[in-house]
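The values are calculated or read from the model by the stated rules, or taken from the named source; none is laboratory data. A quick note: this is a predicted structure, and the numbers were derived from the prediction, not measured. All Cβ positions, even for glycine, are placed from backbone atoms using ideal geometry, and neighbour counts span all protein chains on display. Areas reflect the complete protein model, heavy atoms only, side chains present, ligands, DNA and RNA absent. Shrake-Rupley method; radii C 1.70, N 1.55, O 1.52, S 1.80 Å.
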Amino acid sequence: MLTTKNPDKNAVYIGLMSGTSLDGADGVLVRLPATEHEHMELLGSAYIPFNEELRQQALQLQQSGENEIHREALLANALAHCYSECVKALLVHHPEVSVYAIGVHGQTIRHRPELGYTRQTNNPALLAELTGIDVIADFRSRDVAAGGQGAPLVPAFHRAVFAAKEQCRVVANIGGISNISILAADGTTTGFDTGPGNVLMDYWIKQHQGLSYDANGTWSAQGQVNQSLLASLMSEPYLHLAPPKSTGRDLFHADWLQQHLQAFSMLAAVDVQATLCAYTAQSLGQAILANATQTQTVYVCGGGAYNTTLMNMLQASLKSAGSNAQVQSTAQLGVAPEHVEALAFAWLAQQFCLRQAGNLPEVTGAKGLRVLGALYPA
């Protein structure tokens, strides 16, 4: 029990993450050092895709509807079983490993920090029951209670793992939504959600190609960017707000996109896809240039790191604005892009167990440092 003992110096944690893209659950098994001066040891990783029914249930809960409390409870139970399968997959080759705790993000279905809440649905009590391991969950609520956005939470982890002395680095996480962590040369860290990542591109290719995502950006590369549509998308007021700020499907959803497309009904679907890809790249590049002018390298994680067209567009966006920053994958720093967020929630679980802060007030706008999470004992 976490209440009766402290973590060992190099305790093993599991991190579980399912993001805005609603593709599935990523999990990592990792040995975490107790200090920032030692290296973490990734013992294993696993991925459990969401079935279409679960994905649709989560999508439907993005908006209010009939009997939604009941539907959310059923979704939470289904997610717990999915997360449990991910834990089993992680441990099947490591039966000798004793896991200290699981850090699980849950699935965001509403994010309204301006109204004082964020909702990541999950059933951590059931997950603890299914796995026999202590579960730490609900990481965002305490930051929101302290007046913060509750997001992004990954910059503190990025600082611990990716920061370098006398270098300004940006870590760009491109999942459904994009966010950046600015790791300044002087040791300070800031960050915020920049806008859409893959969420609009995934929606559009699903509608027109029946695919879940644009693998390698192949379809985007076949189209032509429409500059008028891109300008319309770039006019979104959120992009011009000063941080701290965070966003999600509450803003960037199908109806939002359709409103912008009303004046472009004759545009070929492939050209819309190319423009949506450019939108992610340009909004991300604009945020980097406006807030991290001394950036030397932008390290990309999340699914977007595997979209070659998007990576090339991001590099071109920075170059066209006069930046010499190079765009690379976090793999260049020894961490695969698909593992970064799950590792972050393993790290946040460790922070909770050590009773150390997991947020950065300068990122989220919270009143101060806070221990994040809630314990569900096995």
- line: Scanning the range 153-173 for residues that are open to solvent by less than 20 Å² (accessible area, probe 1.4 Å) and closer than 24 Å to ALA34 by Cβ gives LEU153, VAL154, PRO155, ALA156, PHE157, HIS158, PHE162, VAL171
task: Mind telling me which of the residues ALA172, ALA101, ALA128, ALA151 ends up being of a type outside the set (Phe, Trp, Tyr) and either free of Cβ contacts under 8 Å to residues at least 40 places away in the same chain or in a helix (DSSP H, G or I) (or both)?
output: ALA128
field: Subset tally (residues that are open to solvent by 30 Å² or more (accessible area, probe 1.4 Å), part of a helix (DSSP H, G or I), closer than 27 Å to TYR306 by Cβ and without any contact (Cβ under 8 Å) to a residue 60 or more places away in the chain) for the range 220-245
entry: 2
- request: Check off (1) assigned to a strand (DSSP E or B); (2) open to solvent by 60 Å² or more (accessible area, probe 1.4 Å); (3) among the small types (Gly, Ala, Ser); (4) without any contact (Cβ under 8 Å) to a residue 60 or more places away in the chain for SER64 and give me the number that stays unchecked.
  value: (1)
message: Here is a list: GLN262, GLN294. Which entry is more than 24 Å from the chain's Cα centre (by Cα), in contact (Cβ under 8 Å) with a residue 60 or more places away in the chain and more than 25 Å from TYR213 (Cβ to Cβ)?
response: GLN294
